[in-house]
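Data first, discussion second: the structure below is written as structure tokens.
The values are calculated or read from the model by the stated rules, or taken from the named source; none is laboratory data. Please read all numbers here as calculations on a predicted model, not as lab measurements. Here the Cβ is made from the backbone with ideal geometry for all residues, glycine too, and neighbour counts use every protein chain on show. Ligands, DNA and RNA are stripped out before the accessible areas are found, and what is left, the full protein with its side chains, is counted by its heavy atoms. Shrake-Rupley method; radii C 1.70, N 1.55, O 1.52, S 1.80 Å.
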Amino acid sequence: MLTRHGGALLLATMACGLVLAAPGLALDGPAQTAEQEDTERIADLVLANHILADQGVVDGFGHVSVRSAKNPQHYFISRSRAPALVSAEDIMEYDLDDQPIDPRGRASYLERFIHSEIYKVRPDVQSVIHTHSPAVIPFSVSDVPLRPISHLAGFLVRQVPVFEIREAGGNETDMLIRNKALGAALAQKLGATTVVLMRGHGNTVVGQSIKTAVFHAIYTELDARMQAEAMRLGGKVTFLNEIEAAKIGEQLDQLVDRPWELWKIRALSQSPPR
């Protein structure tokens with residue numbers, strides 16, 4: 001028998017293991033409308049920007065988006081602004097051709113094509129994050145693959161693919177995903193995985209919710225730090241195997257509300273005045 005805690009995370013012990021209520025499921029009263037869901041997603045999108053800045057995954061650069069629940073062919077993302085400064089008034093809606101629905105003179109991120117092209121080919125993805133995660137970049141420029149070393153990075157499953165922009169755009173790009181062709185090439189390299197590194201640039205991370213994507217972005221950075229530290233010790237490094245990683249990743253994706261609550265409190269306490 002499941003216990004009911006209206007709207008909160010629902011856990012119950014059953015013979016089959018841990019059971020989790022679906023995100024956004026209304027346990028008491030009527031289900032959310034798509035408009036209400038989008039309002040909630042936009043609020044979480046603003047928080048995600050602040051959380052990632054507070055956790056050192058983004059700084060003045062990087063961006064986060066979330067798919068619209070009302071129109072899955074649209075997505076929400078901030079105007080071009082440092083993540084720590086993003087407010088609800090900065091959030092813009094785009095179609096998958098990257099055209100703003102109500103621009104009002106607001107500048108767009110140059111690399112918004114990352115988001116639209118992933119949403120096109122990954123209907124399971126509800127949120128996309130692009131960062132210049134500092135511990136990750138060394139793995140994008142060396143022949144040492146980033147792999148899951150910590151149980152908290154089980155979502156990586158296997159070694160993380162690396163996008164080489166020269167293969168898609170030649171040798172004279174500015175390393176930015178400035179058009180849909182480059183965005184599509186990045187989405188293809190991501191494939192069915194959760195994270196793709198971008199050579200000399202950063203990474204792109206996805207999730208089935210914005211909270212899950214934030215979890216993946218933070219723990220990708222932490223896993224990269226831990227792998228680098230383990231390799232400095234010398235000797236053999238033992239990574240998670242694919243079965244371990246898959247089982248752990250599936251479980252952790254159901255528990256993202258726990259760290260999100262902590263990250264939210266910390267980020268809000270550090271939010272700069274607007």
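Working only within the range 224-274, note down all residues that are under 21 Å from P148 (Cβ atoms), outside any helix (DSSP H, G or I) and among the basic types (K, R). Residue satisfying the conditions is K236 alone.
What do you reckon, is A217 in a helix (DSSP H, G or I) and either crowded, with 21+ Cβ neighbours inside 10 Å or aromatic (F, W, Y) (or both)?
Working: in a helix (DSSP H, G or I): yes; either crowded, with 21+ Cβ neighbours inside 10 Å or aromatic (F, W, Y) (or both): yes.
Criteria met by A217.
What about I114, is it at pLDDT 95 or above, touching an Asp or Glu at 6+ places or on another chain (Cβ under 8 Å), closer than 24 Å to L176 by Cβ and of a type in the set (A, V, I, L, M, F, W, C)? Outline the logic, then answer.
On the way: at pLDDT 95 or above: yes; touching an Asp or Glu at 6+ places or on another chain (Cβ under 8 Å): no; closer than 24 Å to L176 by Cβ: yes; of a type in the set (A, V, I, L, M, F, W, C): yes.
No: the conditions fail for I114.
Taken across the range 252-272, residues that are open to solvent by 90 Å² or more (accessible area, probe 1.4 Å), of a type in the set (S, T, Y) and either touching a helix residue (DSSP H, G or I) at 6+ places or on another chain (Cβ under 9 Å) or closer than 23 Å to T193 by Cα (or both) do not occur at all.
Considering only the range 16-24, I want to know if a residue exists there that is out of contact with any strand residue (DSSP E or B) (no Cβ under 9 Å at 6 or more places or on another chain), modelled with pLDDT of 95 or more, surrounded by 12 or more Cβ atoms within 10 Å (Cβ to Cβ) and part of a loop (DSSP other than H, G, I, E, B). It would help to see each step written out before you state the result.
Here is the first cut: in the range 16-24, the ones out of contact with any strand residue (DSSP E or B) (no Cβ under 9 Å at 6 or more places or on another chain) are 16-17, 22-24.
Still in the list and also modelled with pLDDT of 95 or more: none.
No, the range 16-24 has no match at all.
I'm checking my understanding of the structure. Among residues of the range 165-174 that are crowded, with 16+ Cβ neighbours inside 10 Å and out of contact with any strand residue (DSSP E or B) (no Cβ under 8 Å at 6 or more places or on another chain), which one is nearest to L240 (Cα to Cα)?
The initial filter retains those residues of the range 165-174 that are crowded, with 16+ Cβ neighbours inside 10 Å, namely 165, 168-169.
If we keep only those that are out of contact with any strand residue (DSSP E or B) (no Cβ under 8 Å at 6 or more places or on another chain) as well, we get 168-169.
Working: A168: 31, G169: 34 Å.
So the residue we want is A168.
Considered as a group, the residues in the range 182-208 that are among the hydrophobic types (A, V, I, L, M, F, W, C) and open to solvent by 20 Å² or more (accessible area, probe 1.4 Å) include one that is modelled with the lowest pLDDT, and that residue is A192.
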